[in-house]
Amino acid sequence: MHTTLRTLAAALALAPLGALAQPTVPAAGGLRPVFGASVTAGGDTLVTVRYTDGSTQNVSSGGLLQLFAGGELDTGAMVVQATLGYHVNDTNASNGSVKFSRYPVELLGLAKVGEHWRLGGGLRKALNARITSSGAARGPVGGADFDSELGLVLQVERLFGAGSVFGRVVGEKYSLGREKIDGNHLGIGVSYRF
């Protein structure tokens with residue numbers, strides 16, 4: 001009986017932690033800040049950097065890390081999300097670096113599918129897309145500003161309380177003068193709203 005009381009006391013002490021882990025669904029009609037990050041892959045190779053040890057690394061138009069913040073409005077059956085992000089793919093060495101960066105603005109509509117899933121898509125426009133270089137890479141790579149076209153996003157998301165995990169497909173194009181560049185990419189990320 002003494003062991004049973006100890007087990008019951010331990011369960012009661014951990015009950016508040018269990019409540020935190022339970023998924024919750026926000027009430028409809030609320031406007032909430034959201035932020036997150038994703039890892040992306042795809043697009044055309046813009047630059048292949050060769051290191052002195054013989055290894056190489058590609059800087060692509062669809063990689064590699066995107067951070068974002070914004071807000072989402074829950075309308076009941078769906079959520080409208082607007083964000084501004086920073087998307088970058090770079091490579092660094094002790095004697096130089098190459099970076100492709102842009103600031104994507106996204107507007108998504110996500111339908112609620114069941115209690116913890118959202119599915120939808122929307123529009124994306126990458127602002128201030130540019131490649132820059134420094135040090136030993138400055139001569140061969142230089143720098144350039146890219147024009148971006150309006151892109152499309154398809155996203156599926158699984159909610160875990162205030163957080164979520166999502167997968168996405170992005171279709172977007174860039175141009176540099178007359179050259180067309182494929183920026184299409186896949187992404188996996190996490191987000192949090194409060």
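What to note about this one:
- Breaking point among (1) modelled with pLDDT of 95 or more; (2) surrounded by 14 or more Cβ atoms within 10 Å (Cβ to Cβ), for V141: (1)
- Close contacts from segment 166-183, counting a first residue that is over 19 Å from Y103 (Cα atoms) and a second that is at pLDDT 95 or above and assigned to a strand (DSSP E or B), with Cβ to Cβ under 6 Å and a gap of 6+ residues or different chains, come to F166/Q155; F166/E157; F166/G189; G167/V156; G167/I188.
- Considering each residue of segment 80-95 in turn, none proves to be surrounded by 14 or more Cβ atoms within 10 Å (Cβ to Cβ), at pLDDT below 95, touching a helix residue (DSSP H, G or I) at 6+ places or on another chain (Cβ under 8 Å) and not β-branched (V, I, T).
- Segment 43-131 holds strands (runs of 3 or more DSSP E) entirely within its bounds, and those carrying 1 or more residues that are in contact with a Pro (Cβ under 7 Å, 6 or more places away or on another chain) map to 64-74, 78-93.
- From R158, R130, residue being among the charged types (D, E, K, R), within 16 Å of the chain's Cα centre (by Cα) and closer than 21 Å to L67 by Cβ: R158
- Within segment 169-191, being of a type outside the set (A, V, I, L, M, F, W, C) and either farther than 18 Å from T40 by Cα or open to solvent by less than 20 Å² (accessible area, probe 1.4 Å) (or both) holds for E172, Y174, S175, G177, R178, E179, K180, G183, H185, G187, G189, S191.
- The sole residue among G36, G43 that is surrounded by 10 or more Cβ atoms within 10 Å (Cβ to Cβ), modelled with pLDDT of 50 or more, closer than 23 Å to G189 by Cβ and touching an Asp or Glu at 6+ places or on another chain (Cβ under 7 Å) is G43.
The values are calculated or read from the model by the stated rules, or taken from the named source; none is laboratory data. Keep in mind that this is a model prediction, so the values were computed, not measured. Don't worry about glycine lacking a Cβ; one is built from the backbone with ideal geometry, like all the others, and counts go over all protein chains shown. To get the accessible areas, we keep the full protein, side chains included, count just its heavy atoms, and leave off ligands, DNA and RNA. Shrake-Rupley method; radii C 1.70, N 1.55, O 1.52, S 1.80 Å.
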